[in-house]
1. For Y186, work out the one condition from (1) among the aromatic types (F, W, Y); (2) outside any helix (DSSP H, G or I); (3) at pLDDT below 85 it doesn't fulfil.
2. Restricting attention to region 1-38, report how many residues are assigned to a loop (DSSP other than H, G, I, E, B) and at pLDDT 75 or above.
3. Look at region 284-320 and say how many of its residues are under 16 Å from A253 (Cα atoms) and not in a helix (DSSP H, G or I).
4. Filter region 292-347 down to the residues that are more than 16 Å from L264 (Cα to Cα) and of a type in the set (S, T, N, Q), then identify the one that is farthest from the chain's Cα centre (by Cα).
5. I'd like to know if region 248-267 contains one or more residues that are of a type in the set (S, T, N, Q), crowded, with 19+ Cβ neighbours inside 10 Å and modelled with pLDDT of 80 or more.
6. Quick check: anything in region 195-208 assigned to a helix (DSSP H, G or I), small (G, A, S) and at pLDDT below 75?
Amino acid sequence: MDTIRRRDLSRPADYRRNFAGGLIHGVFFQLSEAFSNINTVLPSFVATLTGSTVVIGLMVVAQQLGQVIPQMFTAYHVEDHRYEKPILMWIITMRWLSWGLLAVVTAMLALEMPDLVLILLVALFAAFSLAGGVGSVVYADVFAKAIPTERRGRFAGWKQLIGYALAIGAGWIVAWILSDTARIPYPMNYGLIFALAAVFLLIAFIGIVIVKEPPSTHGRQTESFAASVRRAGHLTMVNRNFRRLIAARGLTAVLVMSAPFFVLFALDDIGVSQAAVGIYLAAQMMGAALSNLLWGYLGDRFGNRSVIIGTSVAGLGAALAGIAALAVGPTPLFLTFFLVGATMSGLRLGYSNIILEMAPDYLRATCVALLGTLLAPLTLVPLAIGIVATWVPLAFVLAMDAIAMVGAVIAAVLLQDPRHDADGACIT
């Protein structure tokens, strides 16, 4: 009998530690996002400071631009880094400090100086998003090294399932905080919500500290940033499947970027109360949590193409349910936010995993960055919606979302899954 216990050589030596640290980070990061949700909490708070829909559009533009602007530069910069975890730790520190500062400013100044708080909100949210743009590339590379390919579906599934389950509770907490201003008066109520976002993001930071990052085994692939950009352009030209992925992701992004206006639609056009914001947040997180079980099964059983198709169908359903609310009242809006949550969950799981399967190690950071960078023109969509919503009903936005999601379904069906089809892989 062999007395030496054989270890699964497909796992890194610190797999269990990295799985635990990554799980802590991912779960509490999602919980923090629930208390600072761009689709529910932030639009509701902005509505207390100003009646302008343009500000919501500016915030979503800041979020999207912040996420894509630094990605190609970050991909080039980290090519020759053996370890990227220190960068990720600095990024998360900046992000939880941003919410902590906003919590203090909101509680102290929102009543007396709402315009100043609005300016600080947009500025801090822009800085938060810019840091996130750097972090998305670094995070993908760190965890691609820390979690082996055959375990990523399980890792992403548990991370999102637990995170969204807790985020459902966050929605009810937000509803409780906002439902009675005699119990927690404005603006202390929103200050408390942002403070909770900061605390949970700090706990997420501890998860990253636990992770032991394996060193990178490849060196710099390009001699300059300009060469890196040229290689990215060539990669896009020669990889038809990558272009299909961009099309599906871009069309789905139209719905996601519209989602922050759905709360204004509910408040202004349907006439729901402020407390309903928490209920819709809970619905969104419930949709993300429950759909995560489906996405995880589809991804492991059939490949991530099936997840992307399902995500596109969920997005189409969200837009149609919103349109139905005009005819029958606020009840379908619960389904709208439920399906928005399912769409966002699918985006995180399906697109994140398929790009890691499409790209070899030396192209991984570039492909992750390129997917975001090529969608940069779409970052102006929320600002356009904010301006258009000044003159036309928000129902018009929902109709445009439905058309975009039909296109996303078609693009997703045309995708080739690199797990089952070698022609679906990225090459240079």
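The values are calculated or read from the model by the stated rules, or taken from the named source; none is laboratory data. As the structure is a computational prediction, the values presented were derived from the model and not from experiment. For neighbour counting, all protein chains shown are included, and Cβ atoms are generated from backbone atoms with ideal geometry for every residue, glycine included.
1. The number of the failed condition is (3).
2. 4
3. 0
4. Selected residue: S306.
5. yes
6. No, every residue in region 195-208 fails to be assigned to a helix (DSSP H, G or I), small (G, A, S) and at pLDDT below 75.
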